[in-house]
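The values are calculated or read from the model by the stated rules, or taken from the named source; none is laboratory data. None of the values given here were measured: they were computed from a predicted structure. Backbone-built Cβ (ideal geometry, glycine too); neighbour counts: all protein chains shown.
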Amino acid sequence: MYYSKKEFIAAQVAASDRVLDVGFLGQGVQEGDGNWPHALLKKRATEVYGVDLELTGPYVHDARYQKTSAEDFSFPVMFDIIFAGDLIEHLSNPGIFLVNCKKHLSSRGHLLITTPNAFNLFNLTEKLTKREPTVNADHTCYFNSKTLRTLLEKNGMRATEVNFLYSLGCGHEESWKKKFLNMLYWFLSLFTDKFVETLVVVATARP
């Protein structure tokens, strides 16, 4: 189990890698934050590219960055790593995205995915008290390890690692109920990772 995206990136990205970060301006972290994945990738890898639906500031006129969707990006280079942090659950066509990633991966390349675990503790608990758990208004789907493996296989890729990322992300004052759930979340994580909030998958193109 990983305990931060910084730890995940450090484990998967080498200094010699050329990296594409898809949806780099999102990922739930502000650009200036020290935990912003795109900044972590730039510190770690030799060359970093980016794709997002909106480009601002220095990225607008940089050829390494494209203002386009995850399904439509096209670069004249191949990548050792394609990073999709908290992205796939937002897409209308996740299969088309995976096919596009496969086209852009080098022979030794890997796709790194983080996405909410459909069966994390907080979703399951909310299902007990609500008709449906609280959902990000821009999410189109939820995944578990089985469905994400299947989606990869159907689109010419295979998972080489399926793991979880422990995260609470407490950036505001929380109710006593949420504080209790956070404690329960921590306690359960000592024994099993199946209720952990974020799913992590490393995938490669099938021959």
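Only a single criterion out of (1) surrounded by 10 or more Cβ atoms within 10 Å (Cβ to Cβ); (2) assigned to a loop (DSSP other than H, G, I, E, B); (3) among the polar types (S, T, N, Q) is not satisfied by THR134, namely (1). Can you tell me which of (1) farther than 23 Å from ASP17 by Cβ; (2) loosely packed, with under 14 Cβ neighbours inside 10 Å; (3) at pLDDT 95 or above is the one ARG158 doesn't meet? Among (1) farther than 23 Å from ASP17 by Cβ; (2) loosely packed, with under 14 Cβ neighbours inside 10 Å; (3) at pLDDT 95 or above, the lone unmet condition for ARG158 is (1).
Just one residue in the set PHE73, PHE97 is more than 18 Å from HIS139 (Cβ to Cβ), outside any strand (DSSP E or B) and not hydroxyl-bearing (Ser, Thr, Tyr); that residue is PHE73. Taking first residues from region 189-201 that are in contact (Cβ under 8 Å) with a residue 12 or more places away in the chain and partners that are assigned to a loop (DSSP other than H, G, I, E, B) and β-branched (Val, Ile, Thr), the Cβ contacts under 8 Å between residues at least 6 apart in sequence or on separate chains come to SER189/VAL196. Here the condition is being of a type in the set (Gly, Ala, Ser), in contact (Cβ under 8 Å) with a residue 40 or more places away in the chain and surrounded by fewer than 14 Cβ atoms within 10 Å (Cβ to Cβ); of ALA14, ALA63, it holds for ALA14 alone. The residues of region 13-37 that are over 19 Å from LEU98 (Cα atoms) and either at pLDDT 95 or above or in contact with a Pro (Cβ under 9 Å, 6 or more places away or on another chain) (or both), listed by number, are VAL13, ALA14, ALA15, SER16, ASP17, VAL29. Of all residues in region 77-94, those satisfying the criterion of being of a type outside the set (A, V, I, L, M), outside any loop (DSSP other than H, G, I, E, B) and surrounded by 20 or more Cβ atoms within 10 Å (Cβ to Cβ) are PHE79, ASP80, PHE83, GLY85, GLU89, PRO94.
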